[in-house]
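*Asks:* My structure is below; once you've seen it, I'll send some questions.
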Ligand SMILES: [Zn+2]
């Protein structure tokens, strides 16, 4: 199946449609193909405000289709002594909010990494009232989490691992597919999604392509 891969950390073969996720410190702007640019919540540099300024320049490239991945990861805070966790979450939030502003300024969607932070992400979307689409990547949550996020107008992207019961709650128009770090080809991931949704694979491929064009190229 030939479907767009909305989030990958691997080099993209020429001819494939994929958004390669890049971070500061990686070679920003690859030789060919589309990319996204952002600060991952696991790797926030000390001078993140300066880094955001150079990221804004890179992200203005027309081949940069989205801002991110960026977001909130509360599981990551568990590694810290409990007294340091609130400040660490505040820092993740401040960096994520800088990405929200950049997404709105440049008119490009957000690709979001979210772990155990559905409530916070939904509250941020309500507070900022963004015009841009917010795509939660690598969604592995429950059907209840999916419903709450869909209600708040998130788009959900699924990769190699997910809950099939949550996958089935997503309306076709909000669904995306990705490889992320997986070695599985995107076509196989999309076939798994079609099987677990009970969708015709060709029909799902058409839908995933149409969603990609609508969200990242503003096609109707
Ligand atoms: Zn990723």
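*Asks:* Could you tell me how many degrees, from 0 to 90 and to the nearest 10, lie between the Cα long axis of helix 85-106 and the main elongation axis, the longest principal axis, of the Cα atoms of the chain?
*Replies:* Here the helix axis deviates by roughly 60 degrees.
*Asks:* Classify the stretch 122-178 from the C-alpha gyration tensor, please: rounded if a/c falls under 1.5, else prolate or oblate depending on whether a/b exceeds b/c. Could you put the intermediate results ahead of the total?
*Replies:* Working: a/c = 2.05, a/b = 1.66, b/c = 1.24.
Prolate.
*Asks:* Another question, then. Binning at 5 Å from 0, report for the stretch 5-217 what percent of all alpha-carbon pair distances ends up in each bin.
*Replies:* 1, 7, 16, 20, 21, 17, 11, 5, 2, 0, 0
*Asks:* Normalised by the number of residues in the stretch 127-175, what is the relative contact order in percent for Cα pairs under 8 Å and 6+ residues apart?
*Replies:* The normalised contact order for the stretch 127-175 reaches 42 percent.
*Asks:* Follow-up. So what is the 222 nm mean residue ellipticity for the chain from helices alone, if each DSSP H run of at least 4 adds -39500 (n - 2.57) and you divide by all residues, rounding to the nearest 500 deg cm²/dmol?
*Replies:* Values: 7 runs with 87 residues, N = 220.
Taken over the chain, the calculation gives -12500 deg cm²/dmol.
*Asks:* Okay, which of the stretch 194-208 sit inside 16 Å, backbone N to the point 7 Å along the Cα-Cβ direction of residue 168?
*Replies:* Counting backbone N atoms under 16 Å from the label point, the list is 194-200.
*Asks:* Ok, one more. Any idea how far apart residue 104 and residue 61 come out in nm if each label point goes 7 Å out from Cα toward Cβ?
*Replies:* 2.6 nm
*Asks:* What shape does the stretch 1-82 take by its C-alpha gyration tensor, where a ≥ b ≥ c are the square roots of the eigenvalues and a/c under 1.5 counts as rounded, a/b above b/c as prolate, and the rest as oblate?
*Replies:* Since a/c reaches 1.5 but b/c is at least a/b, the shape of the stretch 1-82 is classed as oblate.
*Asks:* Taking the beta-carbon count within 10 Å as an exposure proxy, list 111, 3 from fewest neighbours to most.
*Replies:* Values: 111 31, 3 27.
Neighbour counts put them in this order, fewest first: 3, 111.
*Asks:* Calculate the length of the line joining the C-alpha centroid of the stretch 154-220 to that of the stretch 78-140, in whole Å.
*Replies:* 22 Å
*Asks:* Further question on the same structure: Give me the angle, in degrees from 0 to 90, between the Cα long axis of helix 201-217 and the longest principal axis of the Cα atoms of the chain, rounded to the nearest 10.
*Replies:* That helix lies at roughly 40 degrees to the long axis.
*Asks:* While we're on this one: Using a ≥ b ≥ c from the Cα gyration tensor of the stretch 60-174 (square roots of the eigenvalues), is it rounded, prolate or oblate, where a/c under 1.5 gives rounded and otherwise the larger of a/b and b/c decides, a/b for prolate? List each step's numbers first, then the result.
*Replies:* Details: a/c = 1.72, a/b = 1.06, b/c = 1.62.
In terms of gyration-tensor shape, oblate.
*Asks:* Per q in 0.14, 0.18, 0.19 1/Å, what log10 I(q)/I(0) does a Debye calculation on the alpha-carbon atoms of the stretch 107-210 return?
*Replies:* -0.51, -0.84, -0.93
*Asks:* Further question on the same structure: Per-residue counts of other Cβ atoms within 10 Å, averaged by peptide: what ranking do you get for 83-91, 185-193, 152-160, 6-14, highest first?
*Replies:* Details: 83-91: 12.7, 185-193: 19.3, 152-160: 21.4, 6-14: 17.3.
For the peptides 83-91, 185-193, 152-160, 6-14, the packing ranking is 152-160, 185-193, 6-14, 83-91.
*Asks:* Right, next: Compare the peptides 174-181, 114-121, 100-107 by average per-residue count of other Cβ atoms within 10 angstrom and give them in order, highest first. Numbers along the way, then the final one.
*Replies:* Values: 174-181: 22.1, 114-121: 19.0, 100-107: 16.8.
So the order, starting with the most tightly packed, is 174-181, 114-121, 100-107.
*Asks:* With an 8 Å cut-off on Cα pairs and a minimum separation of 6 or more residues, tell me the relative contact order of the stretch 5-217 in percent.
*Replies:* Values: 366 pairs, mean separation 36.6, N = 213.
Reported relative contact order: 17 percent.
*Asks:* Given labels modelled 7 Å from the Cα in the Cβ direction, how far is it in nm from residue 44 to residue 128?
*Replies:* Here the modelled spin labels are 1.4 nm apart.
*Asks:* Next up: Please report 110, 80 as a ranked list, fewest other C-beta atoms within 10 angstrom at the top and most at the bottom. Mind dumping the intermediate values first?
*Replies:* Numbers: 110 28, 80 13.
With the sparsest Cβ surroundings first, the list reads 80, 110.
Values in this text are rule-based calculations from the coordinates and carry no lab data. Remember, predicted model here, so these are calculated numbers, not experimental data. For neighbour counting, all protein chains shown are included, and Cβ atoms are generated from backbone atoms with ideal geometry for every residue, glycine included.
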